[in-house]
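Reading through the structure tokens given below for one structure.
Readers should treat all values here as calculations from the given coordinates under stated rules, not as data from a laboratory. A quick note: this is a predicted structure, and the numbers were derived from the prediction, not measured. Quick reminder, even Gly has a Cβ in these numbers, built from the backbone with ideal geometry, and neighbours come from all protein chains shown.
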Amino acid sequence: MASQLRGLIHFVRRQRKPFKVNLAKNIIQNFSLALTDQYQSIYITALGANPIKLGYVNSIGGVAGAVASIPIGWLADRFGIRRILLSALPLMALGSVIFALSTSWEITAIALLVSVLSFRMAMTVCPMICGSTLRDEERVMGMQLCDTLSALPRLAAPMAAAYIITISGGLNAEGIRPLYWLRGIGLLVAALIIYLYFTNPMEPRGEAETPNIVKDLQRVFREGRMVKRWIVFLILSILPFYLYPYFPLYAKDVKGADQYILALMNTASTLIVVLLSLPTGGLADRFGRRRMILSMMPLYCASLLLLIYAPSPEYLILAGLLNGFNTLIAVTQGAITVELIPRELLGSWFGVLGLLRGLVGVLAPLIGGYLWEALSPSAVFYLILAAQLGKAAILLSMPPEVTRG
């Protein structure tokens, strides 16, 4: 155990400074966001939204992400990741303040628009840091290590949030509201870390070339490997993340979960990530990324089935535990995503993917809301199960040399 810890410390020490500073930023950012993750949809519905209106609110956020993604990735290529992060984090804090001040569900739509726009800015450039600082042969390991260490605060944040809710008035709007003030403060601390210590991991292209966003995007599709097929795969992959607002709402309204069950679901999900990220990264680098993804998908599907058929709220904690495998899958997929495109086009590539995420973010919550109302709440999760089958078929159709086995 001691030798493994020394190995991890050595791994982090030999990485470039931007990777280490981004890791510190992610730790603060993730704790702040985890305070509200499980409670946001409950907060919005407590302010008057029904499941369909909840879908509308989240779709507005998807529009913001879709519109901004391509220019953000392109601007990061041209002018540097640091500038994007220093814009994104204060804007994310502003979104938290608007949430805290909301008195109706309509105002939360503005808060979510600002929050999603800024989050998309940060998430578009975050994988660019790993893509430009980590060596190919240890990229999954590095990404999983970053995910593990930055996930540690998520073990504590949900229960801390549940306690704050309890002493602030219970699982209602007034009980949840203080969490957004705390979230805003944490995000400003993350911004300060970037301002003081972060440097660009690769030289911005600036104005040395005549700006041509169309040309860069054309190069992505011309020089990338199996880009179109991977885009379809990723669309199916991100569907659960944009339907996530219905997970805690389902647990509360259909299965009778209270704030502590919701917190334990989130903590259990994070626990899987913390315990298995490093072994998953090592195995993926050694035995193949496709094999690891395919081996974890049945466990994630089991979490969805357990959520649907749980006979009592306590079983939801196990569903939350198995749900963590979807995060492990996403990080492993992220290594493949980085390697399909020439490194100097990563910003444009992640801009394209951000646009597609935004479009899915517009449609998925609306579809989820209508499935909830027109069919049944569990229909939302059957849709996610169908998407997993589509993912498996696409992944099996791709050559092992492209997905690294």
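For Tyr197 and Ala160, a Förster radius of 22 Å and the Cβ-Cβ distance give a FRET efficiency of 0.25, rounded to the nearest 0.05.
Among 161-167, 195-201, 314-320, 114-120, the peptide with the highest mean count of other Cβ atoms within 10 Å heads the list, and the full ranking is 114-120, 314-320, 161-167, 195-201.
In terms of distances greater than 25 angstrom between alpha carbons, the cross-link table entries Lys228/Lys391; Lys25/Lys391; Lys17/Lys391 yield Lys25/Lys391; Lys17/Lys391.
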